[in-house]
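This report concerns only the one structure given below.
The values are calculated or read from the model by the stated rules, or taken from the named source; none is laboratory data. Treat the numbers as computed from the prediction; the structure is a model and nothing was measured. Every residue, glycine among them, receives a Cβ derived from its backbone with ideal geometry; neighbour counts consider all protein chains shown. For the accessible areas, the whole protein counts, side chains as well, though only heavy atoms, and no ligand, DNA or RNA atoms are used. Shrake-Rupley method; radii C 1.70, N 1.55, O 1.52, S 1.80 Å.
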Amino acid sequence: MSMMNTLFKRARGAMRESDGKALQDPVRKAEGRRLQEEARAETERRRARKAGEERDSRGSA
């Protein structure tokens, strides 16, 4: 998933969670939190992958 898709997913999740709070809709609120968590997990996977690549490149130099 690209960085832009991750950012859009996080923003959509925040908007849905906000709508769920305003409308007292626990399903919409939970869906928003789920989207935000998926975006956070994707960001962490990307960071871990990048850190591993940097570690490998420094070790082989």
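How many percent of Cα pairs in the chain exceed 16 Å? Please report the intermediate quantities before stating the final value.
Numbers: 967 of 1830 pairs.
Cα-Cα pairs in the chain separated by more than 16 Å: 53 percent.
How much of the accessible area of the chain, in percent, comes from carbon and sulfur atoms when a 1.4 Å probe is used? Intermediate results must be reported in sequence, preceding the final value.
Details: 2510 of 4730 Å².
Looking at the chain in its full context, I get 53 percent from C and S.
Mind putting a number on the dipole of the chain about its Cα centre? Charges go on the C-beta only, +1 for Lys and Arg and -1 for Asp and Glu, and I need it in Debye to the nearest 20. Don't skip to the answer; put the middle values down first.
Working: 17 positive and 11 negative charges, 13 e Å.
About 60 debye.
Run the helix sum for the chain: -39,500 (n - 2.57) per DSSP H stretch of 4+ residues, divided by residue count, reported at 222 nm to the nearest 500 deg cm²/dmol. Display every interim value, and only then the final one.
Working: 2 runs with 56 residues, N = 61.
One gets -33000 deg cm²/dmol as the mean residue ellipticity at 222 nm.
With θ set to phi - 60°, apply the Karplus curve 6.51 cos²θ - 1.76 cosθ + 1.60 along region 13-24 and write out the HN-Hα couplings as whole Hz, x wherever there is a Gly or Pro.
x, 5, 5, 5, 4, 4, 4, x, 5, 5, 8, 6
All other residues with a Cβ under 13 Å from the Cβ of Val27 taken together, and with Lys, Arg as +1 and Asp, Glu as -1, what is their net charge?
Numbers: positive: Arg16, Lys21, Arg28, Lys29, Arg33, Arg34; negative: Glu17, Asp19, Asp25, Glu31.
Every neighbour counted, the sum reads +2.
Which length gain, in nm to one decimal place, applies between Asp25 and Thr43 when the Cα-Cα distance is subtracted from 0.36 nm times their residue separation?
Working: separation 18, 0.36 × 18 = 6.48 nm, distance 2.76 nm.
Result for the pair: 3.7 nm of gain on full extension.
Give me the 1.4 Å probe accessible area per residue for the chain, excluding ligands and nucleic acids, in Å². If you can, show how the numbers build up before the last one.
Values: 4730 Å² over 61 residues.
Computed with neighbouring chains in place, this is 78 Å² per residue.
Cα axis of helix 26-60 to longest principal axis of the chain: angle in degrees, 0 to 90, nearest 10?
The two axes meet at around 10 degrees.
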